[in-house]
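Right, one structure below, let's go through it.
The values are calculated or read from the model by the stated rules, or taken from the named source; none is laboratory data. Predicted, not measured: the structure shown is a model, and the values here were computed from it. Positions of Cβ are backbone-derived with ideal geometry, glycine not excepted, and every protein chain shown enters the neighbour counts. These area figures cover heavy atoms from the full protein model, side chains too; ligands, DNA and RNA do not enter into them. Shrake-Rupley method; radii C 1.70, N 1.55, O 1.52, S 1.80 Å.
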Amino acid sequence: MASNAVREVVVMGGGSAGWLAAAILAADHPADGPQGLRVTLVESPDVPIIGVGEGTWPTMRDTLRRIGVSESDFFRQCDASFKQGSRFNRWVTGAADDVYFHPFVLPQGYGEANLAERWQQAHSNIPFADLASFQPHLCVHGKAPKQASTPEFASVANYGYHLDAGKFAVFLRQHCVEKLGVRHVLDHIVAVNAASNGDIASLQGAAQGTLQADLFIDCTGLQSRLLGQHYEVPFVPQKHVLFNDSALAVQIPYPAEDSPIASQTSSTAQRSGWIWDIGLPTRRGIGHVYSSAHSSDEEAERALRQYIVDTGGPADIPQPRKLAFNPGYREQFWHRNCVAIGLSAGFIEPLEASALAMVELSANMLSEDMPATRGTMDLAARRFNDAFRYRWERVIDFLKLHYVLSMRSDSPYWIDNRETIPASLRDMLALWRHRQPSRYDLGRVDEVFPSASWQYILYGMGFRSEPGGGIRRRDNDQAADNYFREAASLTHRMLAALPSNRELIDHIRRHGLPTI
């Protein structure tokens, strides 16, 4: 058993996580190639997909290209739109003009000059992202991140996607089965059969018998059927740090067929949480994420309905769907011959759309570090667990950053958030009081959030670094000002040259994008 080659992989659970994992493994390890993998995905025929995660990071472009899909087909079949970052409303003071952006494009000249210090010295009347990047201005004007002549997956401005999660799972399933050779089994799993050494030997289906494999991937969502229920790997709760544990979600039609499509996710702070607003070509997806310890469901629903009316939506909306979750992650993510990917590994909250990105990171590391035999699997598992413990901790720190810097004091929710700061985040904030975040603060390969993202949130939330820390070049002021002028020049040129989000999406649906 110890020297058996790893050839058979079973993914338990569909949805975005299951089909993304299956697609990445099947594309990277073709079954008909030397040492290839035979990938089977089994899912229940009637378990509904949660399907909340409708925002991605730019990494999804690489993932879709890697598995061999057409970006034009993706737009047509997944009701997809372009996402160029996040807009945060009312997070700092709660005032109507309290707005900042976290764009996907790096600040102009990032790493070449101390932009933040110069911004504080001479330009602090302008929001940091608006000065250092052209992308917030594209978002404000509803612009697309590329032109109709730009090839598939290429960009003028860095972008990810908004998408319909249910349609995305169907799109991935079709590609996996028809193009990548993934075997699809619809069955209820009624038992997990253990081997004599403690590994999972097979899954017992109600209708189609046993499914044997060398490696099992748990994509069963919050149930965590294999890692959580079968192996009883402990859950590490994080509700004491990040309080949100509930959401009310609803889909809203546009007032007209040609209504603008937002180029970013909008996150609008509320008294006991925040509201996401995502624009797809055919509808808006809106949801209120909140803490049940600070708000009742009725209060949260009233705030959601008021937001919809205030942003031009109808007063008469469908009954919002209630979602409950326990923020946290598993103590281990890979135990024996079982790896959890997606909600089965953990979930914190929807802020900054890290859920699908963590699926991509997990599937990519598993694929690249795929053990050749059972004998090396435990070593791969230790590396995987170390990497993802670190990543979950950084996700928590980064999300908490949005709350601890708020100056809002209109409810216990915001006050309580400032009183619960993880030690690792507290240490970084102490460092950043004297210098801007740098790549040395966050030094791992495939860092979940790069140092530029930390800067966008820090300075968007009004944080200030004292002068004197970090690199002190004589020409810094001139260099930084030159980069700010470059950003302004790019803004002017791009606003004139780029189509609107809806114009480009309509073009893609009718004519497609060029392929390289």
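Results, tabulated for the structure shown:
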read-out	value
Any hit, region 60-83, residues being touching a strand residue (DSSP E or B) at 6+ places or on another chain (Cβ under 6 Å), open to solvent by 10 Å² or more (accessible area, probe 1.4 Å) and within 30 Å of Asp130 (Cα to Cα)	no
So Ser367, is it more than 30 Å from Leu37 (Cα to Cα), surrounded by fewer than 22 Cβ atoms within 10 Å (Cβ to Cβ) and of a type outside the set (D, E, K, R)	no
Residue within region 351-360 that is modelled with pLDDT of 95 or more, open to solvent by 40 Å² or more (accessible area, probe 1.4 Å) and of a type in the set (Asp, Glu) present	no
Check on Ile217, under 17 Å from Val9 (Cβ atoms) and touching a Phe, Trp or Tyr at 6+ places or on another chain (Cβ under 8 Å)	no
Cβ-Cβ under 9 Å pairs, at least 6 apart or on other chains, region 419-437 side farther than 17 Å from Leu399 by Cβ, far side open to solvent by 50 Å² or more (accessible area, probe 1.4 Å) and hydrophobic (A, V, I, L, M, F, W, C)	Arg435/Ile471
Residue within region 307-314 that is at pLDDT 95 or above, open to solvent by 10 Å² or more (accessible area, probe 1.4 Å) and closer than 20 Å to Leu41 by Cα present	no
Hits in region 381-390 (condition: buried (at least 17 other Cβ atoms within 10 Å of the Cβ) and more than 15 Å from Glu368 (Cβ to Cβ))	Asn385
Qualifying residue in region 424-444 (condition: open to solvent by 70 Å² or more (accessible area, probe 1.4 Å) and within 22 Å of the chain's Cα centre (by Cα))	yes
So Tyr100, is it in contact with a helix residue (DSSP H, G or I) (Cβ under 6 Å, 6 or more places away or on another chain) and surrounded by fewer than 20 Cβ atoms within 10 Å (Cβ to Cβ)	no
Condition check for Phe74: assigned to a strand (DSSP E or B), in contact (Cβ under 8 Å) with a residue 12 or more places away in the chain and in contact with a helix residue (DSSP H, G or I) (Cβ under 7 Å, 6 or more places away or on another chain)	no
Residue count for region 251-288, restricted to those that are farther than 19 Å from Leu163 by Cβ and under 21 Å from the mean Cα position of the chain (by Cα)	6
The lone exception for Lys322 - which of (1) closer than 25 Å to Phe168 by Cα; (2) among the basic types (Lys, Arg); (3) open to solvent by less than 60 Å² (accessible area, probe 1.4 Å) it fails	(3)
Which numbered condition Arg464 misses (of (1) charged (D, E, K, R); (2) touching a residue at least 12 places away in the same chain (Cβ under 8 Å); (3) part of a helix (DSSP H, G or I); (4) surrounded by fewer than 19 Cβ atoms within 10 Å (Cβ to Cβ))	(3)
Of all residues making up region 7-44, the number that are outside any helix (DSSP H, G or I) and either modelled with pLDDT of 90 or more or surrounded by 24 or more Cβ atoms within 10 Å (Cβ to Cβ) (or both)	19
Some residue of region 403-413 being in contact with a His (Cβ under 8 Å, 6 or more places away or on another chain), open to solvent by 10 Å² or more (accessible area, probe 1.4 Å) and closer than 20 Å to Ser292 by Cα	yes
Yes/no for Leu248 being among the hydrophobic types (A, V, I, L, M, F, W, C), in contact (Cβ under 8 Å) with a residue 12 or more places away in the chain, open to solvent by less than 70 Å² (accessible area, probe 1.4 Å) and more than 28 Å from Ala27 (Cβ to Cβ)	yes
Per-region count, region 155-187, residues more than 18 Å from Ser44 (Cα to Cα), open to solvent by 30 Å² or more (accessible area, probe 1.4 Å) and aliphatic (A, V, I, L, M)	2
Yes/no for Thr491 being in a helix (DSSP H, G or I) and under 27 Å from the mean Cα position of the chain (by Cα)	yes
Per-region count, region 77-89, residues closer than 30 Å to Leu405 by Cα and assigned to a loop (DSSP other than H, G, I, E, B)	1
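Residues are listed down the side, and each one gets a yes or a no for (1) closer than 29 Å to Trp414 by Cβ; (2) out of contact with any Ser or Thr (no Cβ under 7 Å at 6 or more places or on another chain):
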{"site": "Asn89", "(1), (2)": "yes, no"}
{"site": "Thr93", "(1), (2)": "yes, yes"}
{"site": "Asp98", "(1), (2)": "yes, yes"}
{"site": "Gln108", "(1), (2)": "no, no"}
{"site": "His123", "(1), (2)": "yes, yes"}
{"site": "Ala129", "(1), (2)": "yes, yes"}
{"site": "Phe134", "(1), (2)": "no, no"}
{"site": "Val140", "(1), (2)": "yes, yes"}
